[in-house]
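Novice: Below you will find the structure I want to go over with you.
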Amino acid sequence: METNCSQATATRHELATLAGGCFWCMEAVFSQLKGVLEVASGYSNGHHPHPTYEDVCSGETGHAEVVQITFDPAVIRFTDLLAVFFETHDPTTLNRQGHDVGTQYRSGIYTHSPEQAEQARGVIQRLTDSGAFAAPIVTEVHPVTNYHPAEAFHARYAERNPHQGYCVYVVAPKVAHFRQRFGNWLQDA
(Lines give C-alpha, C1' and ligand atoms only; values in the text may rest on other atoms or scores of the structure.)
Protein backbone atom coordinates (compact mmCIF):
# COMPACT_ATOMS: atom_id res chain seq x y z
CA MET A 1 0.00 0.00 0.00
CA GLU A 2 1.45 3.35 -1.01
CA THR A 3 1.10 6.47 1.09
CA ASN A 4 0.78 9.87 -0.48
CA CYS A 5 3.20 12.04 1.51
CA SER A 6 1.32 15.21 0.66
CA GLN A 7 -1.78 13.81 2.37
CA ALA A 8 0.02 12.53 5.45
CA THR A 9 -0.19 14.92 8.35
CA ALA A 10 1.86 14.74 11.48
CA THR A 11 0.17 15.64 14.72
CA ARG A 12 2.18 18.27 16.49
CA HIS A 13 1.86 18.29 20.24
CA GLU A 14 3.14 21.03 22.52
CA LEU A 15 3.99 21.30 26.21
CA ALA A 16 2.84 23.84 28.75
CA THR A 17 4.27 23.94 32.28
CA LEU A 18 2.17 25.80 34.84
CA ALA A 19 2.46 26.40 38.58
CA GLY A 20 -0.71 27.41 40.36
CA GLY A 21 -0.47 25.94 43.84
CA CYS A 22 -0.92 22.27 44.61
CA PHE A 23 -0.41 20.12 41.55
CA TRP A 24 -3.25 17.81 42.60
CA CYS A 25 -5.70 20.66 41.93
CA MET A 26 -4.09 21.69 38.67
CA GLU A 27 -3.97 18.12 37.34
CA ALA A 28 -7.63 17.52 38.22
CA VAL A 29 -8.63 20.60 36.23
CA PHE A 30 -6.43 20.39 33.14
CA SER A 31 -6.91 16.66 32.59
CA GLN A 32 -10.56 17.31 31.71
CA LEU A 33 -9.94 19.71 28.80
CA LYS A 34 -10.49 18.84 25.15
CA GLY A 35 -7.16 18.74 23.37
CA VAL A 36 -5.19 17.87 26.49
CA LEU A 37 -3.47 14.55 25.96
CA GLU A 38 -1.58 14.18 29.23
CA VAL A 39 -1.08 16.05 32.49
CA ALA A 40 1.91 15.15 34.65
CA SER A 41 2.60 16.54 38.10
CA GLY A 42 6.16 17.59 38.71
CA TYR A 43 8.64 20.10 40.06
CA SER A 44 10.23 22.87 38.03
CA ASN A 45 12.50 25.90 38.10
CA GLY A 46 14.48 25.05 41.20
CA HIS A 47 18.13 24.29 41.83
CA HIS A 48 18.15 20.81 43.41
CA PRO A 49 19.31 18.21 40.85
CA HIS A 50 16.85 15.45 41.88
CA PRO A 51 14.08 16.85 44.09
CA THR A 52 11.61 14.70 45.98
CA TYR A 53 8.22 15.77 47.30
CA GLU A 54 9.71 16.11 50.78
CA ASP A 55 12.59 18.22 49.43
CA VAL A 56 10.24 20.54 47.56
CA CYS A 57 7.87 20.85 50.55
CA SER A 58 10.80 22.01 52.67
CA GLY A 59 11.03 25.11 50.49
CA GLU A 60 14.78 24.59 50.16
CA THR A 61 14.97 23.43 46.52
CA GLY A 62 13.49 26.49 44.83
CA HIS A 63 11.13 24.29 42.81
CA ALA A 64 7.47 25.02 42.21
CA GLU A 65 4.84 22.31 42.11
CA VAL A 66 3.77 22.26 38.46
CA VAL A 67 1.74 20.40 35.94
CA GLN A 68 3.30 19.69 32.59
CA ILE A 69 0.53 19.54 30.02
CA THR A 70 0.86 17.82 26.65
CA PHE A 71 -1.74 19.36 24.35
CA ASP A 72 -2.80 19.46 20.74
CA PRO A 73 -2.69 23.10 19.59
CA ALA A 74 -5.09 22.25 16.75
CA VAL A 75 -7.74 21.60 19.42
CA ILE A 76 -6.80 23.95 22.28
CA ARG A 77 -4.45 26.91 22.16
CA PHE A 78 -1.81 27.82 24.72
CA THR A 79 -3.76 31.00 25.47
CA ASP A 80 -6.86 28.87 26.18
CA LEU A 81 -4.83 26.92 28.74
CA LEU A 82 -3.82 30.25 30.27
CA ALA A 83 -7.47 31.34 30.47
CA VAL A 84 -8.21 28.21 32.53
CA PHE A 85 -5.02 28.74 34.56
CA PHE A 86 -5.93 32.29 35.59
CA GLU A 87 -9.53 31.32 36.36
CA THR A 88 -8.63 28.38 38.62
CA HIS A 89 -6.00 29.82 40.96
CA ASP A 90 -5.19 33.15 42.60
CA PRO A 91 -2.36 34.79 40.64
CA THR A 92 -2.20 37.70 43.08
CA THR A 93 -0.84 35.92 46.16
CA LEU A 94 2.92 35.56 46.36
CA ASN A 95 4.05 32.05 47.30
CA ARG A 96 0.59 31.03 48.44
CA GLN A 97 -2.64 29.40 47.32
CA GLY A 98 -5.21 29.41 50.10
CA HIS A 99 -3.77 27.56 53.08
CA ASP A 100 -0.83 26.23 51.03
CA VAL A 101 2.08 28.54 51.81
CA GLY A 102 5.66 28.45 50.51
CA THR A 103 7.64 29.17 47.35
CA GLN A 104 6.63 25.76 45.98
CA TYR A 105 3.05 27.11 45.69
CA ARG A 106 3.94 30.20 43.65
CA SER A 107 2.14 31.18 40.50
CA GLY A 108 4.28 30.61 37.42
CA ILE A 109 4.21 30.04 33.70
CA TYR A 110 7.35 28.17 32.63
CA THR A 111 7.64 28.53 28.90
CA HIS A 112 8.89 26.16 26.22
CA SER A 113 9.41 28.81 23.52
CA PRO A 114 9.76 32.55 23.04
CA GLU A 115 6.24 32.52 21.56
CA GLN A 116 4.80 31.07 24.76
CA ALA A 117 6.62 33.70 26.81
CA GLU A 118 5.24 36.48 24.62
CA GLN A 119 1.72 35.07 24.80
CA ALA A 120 1.92 34.65 28.59
CA ARG A 121 3.10 38.23 29.10
CA GLY A 122 0.37 39.44 26.75
CA VAL A 123 -2.35 37.60 28.70
CA ILE A 124 -1.03 39.01 31.99
CA GLN A 125 -0.97 42.52 30.52
CA ARG A 126 -4.55 42.22 29.24
CA LEU A 127 -5.76 40.93 32.63
CA THR A 128 -3.92 43.77 34.38
CA ASP A 129 -5.28 46.42 31.99
CA SER A 130 -8.84 45.10 32.35
CA GLY A 131 -8.70 45.12 36.16
CA ALA A 132 -9.65 41.44 36.23
CA PHE A 133 -8.06 41.10 39.68
CA ALA A 134 -8.27 43.49 42.61
CA ALA A 135 -4.57 43.07 43.40
CA PRO A 136 -1.51 42.97 41.11
CA ILE A 137 -0.74 39.69 39.32
CA VAL A 138 2.47 38.15 40.70
CA THR A 139 2.67 35.23 38.26
CA GLU A 140 6.26 34.76 37.12
CA VAL A 141 7.08 33.97 33.49
CA HIS A 142 10.39 32.17 32.89
CA PRO A 143 11.70 29.47 30.57
CA VAL A 144 11.16 26.01 32.03
CA THR A 145 14.30 24.71 33.75
CA ASN A 146 15.21 21.69 35.84
CA TYR A 147 11.83 19.97 35.45
CA HIS A 148 11.39 16.64 37.25
CA PRO A 149 8.31 14.42 37.27
CA ALA A 150 6.71 13.93 40.67
CA GLU A 151 6.62 10.54 42.34
CA ALA A 152 4.11 8.07 40.88
CA PHE A 153 1.73 8.29 43.86
CA HIS A 154 0.88 11.89 42.87
CA ALA A 155 -0.48 10.86 39.45
CA ARG A 156 -4.26 11.32 39.27
CA TYR A 157 -4.21 11.77 43.05
CA ALA A 158 -7.58 13.52 43.35
CA GLU A 159 -9.23 11.06 41.02
CA ARG A 160 -7.90 8.10 43.03
CA ASN A 161 -8.54 9.71 46.45
CA PRO A 162 -11.83 11.63 46.15
CA HIS A 163 -12.67 11.23 49.85
CA GLN A 164 -9.31 12.44 51.18
CA GLY A 165 -9.83 15.70 53.11
CA TYR A 166 -7.77 17.98 50.87
CA CYS A 167 -9.49 16.58 47.81
CA VAL A 168 -12.96 17.10 49.30
CA TYR A 169 -12.41 20.65 50.60
CA VAL A 170 -9.91 22.11 48.13
CA VAL A 171 -9.72 20.11 44.90
CA ALA A 172 -13.43 19.31 44.42
CA PRO A 173 -14.68 22.94 44.73
CA LYS A 174 -11.96 24.10 42.32
CA VAL A 175 -12.95 21.43 39.80
CA ALA A 176 -16.66 22.27 40.19
CA HIS A 177 -15.94 25.96 39.51
CA PHE A 178 -13.84 25.04 36.49
CA ARG A 179 -16.52 22.71 35.09
CA GLN A 180 -19.18 25.39 35.49
CA ARG A 181 -17.04 28.10 33.88
CA PHE A 182 -15.56 26.00 31.03
CA GLY A 183 -18.27 23.39 30.42
CA ASN A 184 -18.03 23.65 26.63
CA TRP A 185 -14.26 22.91 26.75
CA LEU A 186 -14.65 19.60 28.59
CA GLN A 187 -13.67 16.28 27.02
CA ASP A 188 -17.08 14.87 27.94
CA ALA A 189 -19.03 17.84 26.54
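The values are calculated or read from the model by the stated rules, or taken from the named source; none is laboratory data. If you're wondering where the values come from, they're calculated on a predicted model, not measured in any experiment. Note: ideal-geometry Cβ built from the backbone for every residue, glycine included; neighbour counts use all protein chains shown. For the accessible areas, the whole protein counts, side chains as well, though only heavy atoms, and no ligand, DNA or RNA atoms are used. Shrake-Rupley method; radii C 1.70, N 1.55, O 1.52, S 1.80 Å.
Novice: With springs only between Cα atoms under 10 Å, which of ASP55, ASP72, ASP129 fluctuates most in a Gaussian network model of the chain?
Specialist: Top of the fluctuation ranking is ASP129.
Novice: Once the piece of chain linking LEU94 and VAL168 is laid out straight, how much longer is it, given 0.36 nm per residue of separation minus the C-alpha distance between them?
Specialist: Extending this stretch completely gives an extra 24.2 nm.
Novice: How would you classify the chain from its alpha-carbon gyration tensor, with a ≥ b ≥ c the square roots of the eigenvalues: rounded for a/c under 1.5, else prolate if a/b is greater than b/c, otherwise oblate?
Specialist: Rounded is the answer for the chain, as its axis ratio a/c remains below 1.5.
Novice: Per DSSP H run of n ≥ 4, the term is -39500 (n - 2.57); total these for the chain, divide by its residue number, and report the mean residue ellipticity at 222 nm rounded to 500 deg cm²/dmol. Before the final figure, lay out each step's value.
Specialist: Working: 6 runs with 54 residues, N = 189.
Mean residue ellipticity, 222 nm, calculated: -8000 deg cm²/dmol.
Novice: To continue, here is another question. For the chain, what is the accessible area per residue in Å² when the probe is 1.4 Å?
Specialist: 53 Å²
Novice: If you don't mind, another one. Taking R0 as 30 Å, what's the FRET efficiency between GLU87 and GLU60 from their Cβ-Cβ distance, rounded to 0.05?
Specialist: Numbers: r = 31 Å, r/R0 = 1.04.
For R0 = 30 Å, the calculated efficiency reads 0.45.
Novice: Also, quick follow-up: Taking only Cα atoms, what is the 0 to 90° angle, nearest 10, from helix 172-181's long axis to the longest principal axis of the chain?
Specialist: So the helix axis and the longest Cα principal axis differ by about 40 degrees.
Novice: Turning to a different aspect of this structure: Taking all protein chains as present, what is the carbon and sulfur share of the accessible area of the chain, in % to the nearest whole number, probe 1.4 Å?
Specialist: Roughly 54 percent, rounded to a whole number.
Novice: To the nearest 20 debye, what is the magnitude of the charge dipole of the chain about its Cα centre, counting +1 on the Cβ of each Lys and Arg and -1 on the Cβ of each Asp and Glu? Numbers along the way, then the final one.
Specialist: On the way: 12 positive and 20 negative charges, 89 e Å.
The calculation lands at about 420 debye.
Novice: Oh, and also: Quick one: length gained pulling THR145 to GLN125 fully straight, 0.36 nm per residue minus the C-alpha distance? Write down the numbers at each step before the final one.
Specialist: Details: separation 20, 0.36 × 20 = 7.20 nm, distance 2.37 nm.
Computed gain between THR145 and GLN125 is 4.8 nm.
Novice: For the Cα atoms of the chain, what angle does the longest principal axis make with the long axis of helix 114-130, in degrees from 0 to 90, nearest 10?
Specialist: Value to nearest ten degrees: 60.
Novice: Could you tell me how far the Cα centroid of the range 119-148 sits from the Cα centroid of the range 170-189, in Å?
Specialist: Between the Cα centres of the range 170-189 and the range 119-148 lies a distance of 22 Å.
Novice: Can you give the FRET efficiency to the nearest 0.05 for ALA74 and ASP188, using r as the Cβ-Cβ distance and R₀ = 22 Å?
Specialist: 0.65
Novice: Using the beta-carbon distance between HIS112 and GLN180 and R0 = 25 Å, what value does 1/(1 + (r/R0)^6) give for FRET efficiency, to the nearest 0.05?
Specialist: Efficiency, from the Cβ-Cβ distance: 0.25.
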